[in-house]
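Let me begin by presenting the structure, written as structure tokens, before commenting on it.
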Amino acid sequence: FPADPTARFITLMDGPRQGVWYSYADVASISARFAHAMAALGVRRGDRVAVQVEKSAENLFLYLATLRLGAVYLPLNTAYQRGEVSYFLEDAAPALFVCRPEDEAGMRELAARCGVPAVTTLGIAADGSLPDMALNLSHEFETVAVGEDELAAILYTSGTTGRSKGAMTSHGNLASNALTLHELWGFVPGDVLLHALPIFHVHGLFVATNTTLLNGGHMLFLSKFDADRVVELLPQASVLMGVPTFYTRLLTHAGFTRELVAHMRLFISGSAPLLADTHTEFSTRTGHAILERYGMTEAGMITSNPLNGDRVPGTVGFPLPGVSLRVAAETGALLGTDEIGQIEIKGPNLFKGYWNKPEKTAEDMRADGFFITGDVGKIDGRGYVHIVGRAKDLVICGGFNVYPKEIETVLDAIDGVVESAVIGVPHPDFGEAVSAIIQKKPGRDDVTEASIIAHVKGELANFKVPKRVWFVDELPRNQMGKVQKAALREQHKAAFG
Ligand code: ATP
Ligand code: MG
């Protein structure tokens, strides 16, 4: 590590071990011992290590140990149940599965059925058979020297549009993103990152952790996002990375004031769209403009609003240095300024393909090496990238293409509406009918299906006006704050008979 070995890398800020901290020397020695333990369990260079454990400092040391071994780190969402875990174990064929101590019996059985040769455990109190085994092993481990094209990790996509796919990420991919973001976001010695994201996902694992490691910086580690705890800790931090729901929740917290965050250097948002309203409300409240960026499991970070310069609400900024981004029609024809189409990208951050799915990889790649992201958007006259949705969420109503974001923007601006999601629902005449699911502000009985429809009629062409509007207390989201439109489509699929 480039860092001062006595400097703090991580301090636990909640749970039974609150206050426990680890230095960079600890990072080196514990990851060395874990690497020896995994080698003794049979893990070799190139092998996958599947991991489903709670967020902890040791979980990060396990990630680093896997990389030091030249093995491939494969974290699984902690919410996945047995049926889901067995899909991933069969698909990825890991040499080792690390699970929670409390799950051990069931997971051993499952791993045996899936042909996984070894199982070990890691708990939140630095307990479990892996740390036990590592305890007396050497603090020194000679990190396996790997090529930049060798795999470092396989992360499964969030499964927002279908079954999760394993994205093969190389050491070169991770290094390019970490080096770029460290510089682009202006990390400086002394930066303290408040970490409240899950670490089975690109955002919390790679973006937050790798930039901190590169900076030799300190992370304040929360096992999960808790607005009260975040408000208490912000005075000790300089950078917060969050998903949009972090920011909407902070804005409803009375203790979240301009004074509280006057010293903060940077608030970053990503993983799901940040409403322009949230951005504006945040600036008004705090004087800080949230820096929104865009990325995906297959490419890490792709674009970012500038550190110095206009952070434009509702946009995801410019392609990162070294990353090429273009907008194209389905035919592949390139589109011009402000024209909406598929976002395609290429660069040192782009993954090596989907694990076990060469056909899917080939399908999503253009002949010149650009990757079709599945996101739909445009580039404006100043070069800012706008995401307007996903190709799979496009609604085709009576032969017309309807981009949900355009209608959502109109709906979200209606007084009394908190947020909306527009989906296509099968319809006997139109093919798909534009339909809206809306969260309204509490007590707004005046906001009704009829009032919403009447309002949109005055703003948009008839084929874009929702045929039905349903109200919900909260839109369904995953842990990264992504609205689950597939679930909404499933729920309402029979609405038009
Ligand atoms: P799956 O590919 O399995 O359907 P997923 O695409 O949601 O799931 P991830 O790789 O976790 O899985 O998420 C990447 C997606 O998140 C992007 O393709 C994009 O749609 C969305 N996204 C990320 N950041 C932003 C952002 N700032 N604004 C809008 N969308 C974003
Ligand atoms: Mg995706």
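The values are calculated or read from the model by the stated rules, or taken from the named source; none is laboratory data. Note that this is a predicted model, so its numbers are computed, not measured. We place every Cβ from the backbone using ideal geometry, glycine too, and count neighbours over all the protein chains shown.
Worth pointing out:
- Of the criteria (1) at pLDDT 95 or above; (2) under 26 Å from residue 361 (Cβ atoms), which one residue 224 fails: (2)
- Within the range 294-313, considering residues that are part of a loop (DSSP other than H, G, I, E, B) and touching an Asp or Glu at 6+ places or on another chain (Cβ under 9 Å), the one nearest to ligand 2 (Cβ to nearest atom): 298
- Filter result for residue 260 (of a type outside the set (Lys, Arg), modelled with pLDDT under 95 and farther than 23 Å from residue 60 by Cβ): no
- Residue match in the range 452-464 (condition: basic (Lys, Arg), touching a residue at least 24 places away in the same chain (Cβ under 8 Å), more than 16 Å from residue 274 (Cα to Cα) and part of a loop (DSSP other than H, G, I, E, B)): no
- In the range 249-279, residue surrounded by the most Cβ atoms within 10 Å (Cβ to Cβ) [restricted to those that are in a helix (DSSP H, G or I) and more than 14 Å from ligand 1 (Cβ to nearest atom)]: 250
- Top-ranked residue in the range 468-488 [being basic (Lys, Arg) and surrounded by 18 or more Cβ atoms within 10 Å (Cβ to Cβ); ranked as nearest to residue 423 (Cα to Cα)]: 485
- Single unsatisfied condition, residue 315 versus (1) of a type in the set (Val, Ile, Thr); (2) more than 30 Å from residue 248 (Cα to Cα); (3) within 16 Å of ligand 1 (Cβ to nearest atom): (2)
- Lone unmet requirement of (1) in contact (Cβ under 8 Å) with a residue 40 or more places away in the chain; (2) over 14 Å from residue 466 (Cα atoms); (3) buried (at least 21 other Cβ atoms within 10 Å of the Cβ) for residue 417: (1)
- In summary, strands (runs of 3 or more DSSP E) completely within the range 379-436 and bearing 3 or more residues that are at pLDDT 95 or above and under 19 Å from residue 312 (Cα atoms) occur at 385-390.
- Selection of the range 155-176 for residues being polar (S, T, N, Q) and within 13 Å of ligand 1 (Cβ to nearest atom) yields 157, 158, 160, 161, 164, 169.
- Considering residues of the range 58-99 that are within 22 Å of the chain's Cα centre (by Cα) and among the charged types (D, E, K, R) only, the residue nearest to residue 25 (Cα to Cα): 58
- Options 12, 67, 41; residue that is in contact (Cβ under 8 Å) with a residue 12 or more places away in the chain, closer than 23 Å to residue 297 by Cβ and in contact with a helix residue (DSSP H, G or I) (Cβ under 9 Å, 6 or more places away or on another chain): 67
- Of all the residues in the range 205-248, those that are in a helix (DSSP H, G or I) and small (Gly, Ala, Ser) number 2.
- Any chance residue 37 is in contact with a Ser or Thr (Cβ under 8 Å, 6 or more places away or on another chain) and under 18 Å from residue 71 (Cα atoms): yes
- Scanning the range 179-196 for residues that are within 22 Å of residue 317 (Cα to Cα) and under 16 Å from the mean Cα position of the chain (by Cα) turns up just one, 181.
- Test result for residue 456, surrounded by 19 or more Cβ atoms within 10 Å (Cβ to Cβ), within 20 Å of residue 431 (Cα to Cα) and away from ligand 2 (no atom under 16 Å from the Cβ): no
- Sole residue being within 30 Å of residue 148 (Cβ to Cβ), free of Cβ contacts under 8 Å to residues at least 40 places away in the same chain and among the hydrophobic types (A, V, I, L, M, F, W, C), chosen from 208, 262, 254: 208
- Within the range 325-357, being of a type in the set (A, V, I, L, M), over 19 Å from residue 166 (Cα atoms) and within 20 Å of the chain's Cα centre (by Cα) holds for 325, 343.
- Some residue of the range 450-471 being within 24 Å of the chain's Cα centre (by Cα) and under 30 Å from residue 201 (Cβ atoms): no
- Taken as a whole, the range 345-357 holds at least one residue that is within 15 Å of ligand 2 (Cβ to nearest atom), of a type in the set (Phe, Trp, Tyr), modelled with pLDDT of 95 or more and in a loop (DSSP other than H, G, I, E, B).
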